[in-house]
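Student: Shown below is the structure under consideration.
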Amino acid sequence: QVQLVESGGGLVRTGASLRLSCAASGRTAGRYAMAWFRQSPGKEREFVGLGWSERTTYYGDSVKGRFAISRDSVKNTLYLQMNSLKPEDTAVYYCAGAAGSHAMSRWQLPETYEYWGQGTQVTVRS
């Protein structure tokens, strides 16, 4: 089993920064790709970014240039550095894990992922 625990959310003003963490545990945690999603009330879950390794990342169009993902393989922890935050970034942010290899388009779909954390709330006020 794989368990994911997010932390680091909070209430900030427009233009501020936050750093989210996702700690993974379990006997197979080191073999899973890890990603960030977010979801606002009444909207579908949105892909934020994927960390394939400590050096390779992929981002959704809405956050390119503002957010940065990093991964510590030794600690099995995924990070999301969020800069220049906007009110539209307000959402519950979820960490997700997936095993195996998938086409690029599949990484953006929630159904690809087998494990999910409980989420951490990020609120950005004007």
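The values are calculated or read from the model by the stated rules, or taken from the named source; none is laboratory data. Small disclaimer: the values here were computed from a predicted structure and weren't measured. Note: ideal-geometry Cβ built from the backbone for every residue, glycine included; neighbour counts use all protein chains shown. For accessibility, only protein heavy atoms count, side chains too; no ligands or nucleic acids. Shrake-Rupley method; radii C 1.70, N 1.55, O 1.52, S 1.80 Å.
Student: DSSP beta bridges in the chain, what fraction antiparallel, as a percent rounded to 5?
Tutor: 90
Student: Compare the Cα positions of A24, Y115, L11 along the charge dipole of the chain (+1 at Cβ of Lys, Arg; -1 at Cβ of Asp, Glu; about the Cα centre) and return the one farthest towards the positive end.
Tutor: L11
Student: So for the pair S126, S70, with labels modelled 7 Å out along Cα→Cβ, what separation do we get in nm?
Tutor: 3.4
Student: Give me the percent of the accessible area of the chain that comes from carbon and sulfur atoms, probe 1.4 Å, all protein chains in place.
Tutor: 46
Student: Note down the nm distance, to one decimal, between modelled labels 7 Å out along Cα→Cβ at Q3 and at W52.
Tutor: Using points 7 Å along Cα→Cβ, the separation is 3.1 nm.
Student: Can you compute the FRET efficiency between S17 and M104 using 1/(1 + (r/R0)^6), with r the Cβ-Cβ distance and R0 = 41 Å? Round to the nearest 0.05.
Tutor: Here the calculated transfer efficiency is 0.90.
Student: A further question on this structure: Suppose we keep just the alpha-carbon trace of the chain; what are its Rg and Dmax in angstrom?
Tutor: Rg then Dmax for the chain, in Å: 13.6, 43.
Student: Probe of 1.4 angstrom, ligands and nucleic acids ignored: what's the accessible area per residue over the chain, in square angstrom?
Tutor: Heavy-atom SASA per residue in the chain reads 55 Å².
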